[in-house]
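The values are calculated or read from the model by the stated rules, or taken from the named source; none is laboratory data. Remember, it's a predicted structure, so these values are computed and weren't measured experimentally. All Cβ positions, even for glycine, are placed from backbone atoms using ideal geometry, and neighbour counts span all protein chains on display. Remember, those area values only see protein heavy atoms, side chains included, never the ligands or the DNA or RNA. Shrake-Rupley method; radii C 1.70, N 1.55, O 1.52, S 1.80 Å.
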Amino acid sequence: MKNFDLEPPKHGGDLQAWQRREQGADHWLDLSSACNREPWPIPDAFLENSAKLWYELPDSFALQQAATDYFGQAPLAIGAGTQQFIEVLPGILQEQGRTQIVMVPAIGYQEHGYCWRKWGYEVVEYHAIEQLLNADWDIAVVISPNNPTGQYVPSTVASQLKILLENSARHLILDEAFLDTTPEQSWLNQALPRGCFVLRSVGKFFGLAGARVGLIFGEIAFQTALKSLLGPWPVATPALQLVALALNDRAWQVEALESLAERHEYFMDTIVPKLNTLFDSQAMQHTPLFYTWLLEAEQANKAFAALHSVGIHIRLGQGWVRLSLPAGHEMQRLNAGLVRLLQGHQLKELG
């Protein structure tokens, strides 16, 4: 039974909401969204000539071509972020007359489980991806790398999942929204197995979250249904043109990966020891874009409040905290804030 009255999950990237209710929040360092803090730079020429794009109906042809070249496969559809596909897939895969079992990560992007529950599916949470190999399910959601745990699908598990899909009527939704920084891990590097959908985003590595552009890959048989539910113009004309330019900018992509590696080295050497002390934990996992500590709920809440006291905004989850990798020019500000915090009374309170 459908239930469209469920309470939606809370999200990070909510600095503006804090700014509306907290004095001084206008000057906080925002590390809550896990998007690249050195995003793809919008060209001046695009800004100077983009006014006309607001008067034209969207045409996705240029982005379709750029995406096919960048990902190595043609997308089935382009939508308003991967979120839009998370919303429509339950309607597309619903079978009349029976309740289907959907397995989703217990810790991960909560919109997945939420959207399947809205449509009346039986949602079961799993803690280790290996559980999918022996469990009874119709549809499974896998996030690689997982947000917030940073875990990838092990190659041995990936091989077994592909065999399961080829020999059954099951479906798997693979959320690769954070995978651009480690493209060698993508399932798009080979032909996708039957029953598999892959979601990709330009909001993370490219830092273009505001463009609201996502792509879905999978069996061509689902293309008509997807486009029917998305409607004729799901993405605005300026966003389509902008993202096509970003996907074609291979020089920037190489430089961005190098920058992430350099910033990561500094972050690990200088910042992580201080955060380990602050959180009283070394249970940290990371991707090239974000760092997550698994903490007791009370400790996580105290650390979140303490960081706010020195103007640092992070993502607070249920039993974890997450920081995006800062931009190069933000490192000293973060480091100075942590030094003040660890030298002050907040550390005693955390203990």
Open item on the list: Suppose the filter is free of Cβ contacts under 8 Å to residues at least 12 places away in the same chain, out of contact with any Pro (no Cβ under 8 Å at 6 or more places or on another chain) and under 28 Å from R200 (Cβ atoms); does E265 pass it?
Closed with: yes
- [ ] Could you please let me know if D138 is open to solvent by less than 30 Å² (accessible area, probe 1.4 Å), modelled with pLDDT of 95 or more and among the charged types (D, E, K, R)?
- [x] no
- [ ] Pick out the one residue from A17, A45 that is within 28 Å of V88 (Cα to Cα) and not β-branched (V, I, T).
- [x] A17
Open item on the list: Going by what's in this entry, would N301 be described as within 23 Å of the chain's Cα centre (by Cα) and part of a helix (DSSP H, G or I)?
Closed with: yes
- [ ] Could you list, in sequence order, all residues of region 172-207 that are free of Cβ contacts under 8 Å to residues at least 24 places away in the same chain and more than 15 Å from A67 (Cβ to Cβ)?
- [x] E184, Q190, A191
Task: Test: residue in region 112-125 that is in contact (Cβ under 8 Å) with a residue 60 or more places away in the chain, open to solvent by less than 30 Å² (accessible area, probe 1.4 Å) and either in contact with an Asp or Glu (Cβ under 8 Å, 6 or more places away or on another chain) or under 21 Å from P183 (Cβ atoms) (or both) - done: yes
TODO: Go through the residues of region 159-171 one by one and say whether even a single one is of a type outside the set (S, T, N, Q), closer than 30 Å to S32 by Cβ, surrounded by 15 or more Cβ atoms within 10 Å (Cβ to Cβ) and in contact (Cβ under 8 Å) with a residue 24 or more places away in the chain.
DONE: no
Open item on the list: The conditions are (1) open to solvent by 60 Å² or more (accessible area, probe 1.4 Å); (2) not in a loop (DSSP other than H, G, I, E, B), and Y152 fails exactly one of them. Which is it?
Closed with: (2)
TODO: Identify the residue in region 13-41 that is surrounded by fewer than 21 Cβ atoms within 10 Å (Cβ to Cβ) and of a type in the set (S, T, N, Q) and, among all such residues, is farthest from P288 (Cα to Cα).
DONE: Q23
TODO: Tell me which residues, restricted to region 42-61, are small (G, A, S) and open to solvent by 50 Å² or more (accessible area, probe 1.4 Å).
DONE: A45, A51
TODO: Sort out which residues of region 1-12 are surrounded by 11 or more Cβ atoms within 10 Å (Cβ to Cβ), at pLDDT 80 or above and under 21 Å from the mean Cα position of the chain (by Cα), and write them in order of number.
DONE: P9
Open item on the list: Any residue that is within 21 Å of A239 (Cβ to Cβ) and either open to solvent by less than 30 Å² (accessible area, probe 1.4 Å) or not polar (S, T, N, Q) (or both) - is there at least one of those in region 88-97?
Closed with: yes
Task: Any hit, region 182-197, residues being under 19 Å from G72 (Cβ atoms), touching a strand residue (DSSP E or B) at 6+ places or on another chain (Cβ under 7 Å) and part of a strand (DSSP E or B) - done: yes
Task: Residue within region 201-219 that is over 22 Å from N36 (Cα atoms) and open to solvent by 10 Å² or more (accessible area, probe 1.4 Å) present - done: yes
Open item on the list: Please go through region 93-117 and give me each residue that is modelled with pLDDT of 95 or more and within 18 Å of L230 (Cβ to Cβ), ordered by number.
Closed with: L93, C115
Task: Meets criteria (among the hydrophobic types (A, V, I, L, M, F, W, C) and closer than 30 Å to A305 by Cα) for L31 - done: yes
TODO: Could you tell me which of the residues Q332, Q282, Q299 is without any contact (Cβ under 8 Å) to a residue 12 or more places away in the chain, more than 25 Å from Q16 (Cβ to Cβ) and either surrounded by 18 or more Cβ atoms within 10 Å (Cβ to Cβ) or among the polar types (S, T, N, Q) (or both)?
DONE: Q282
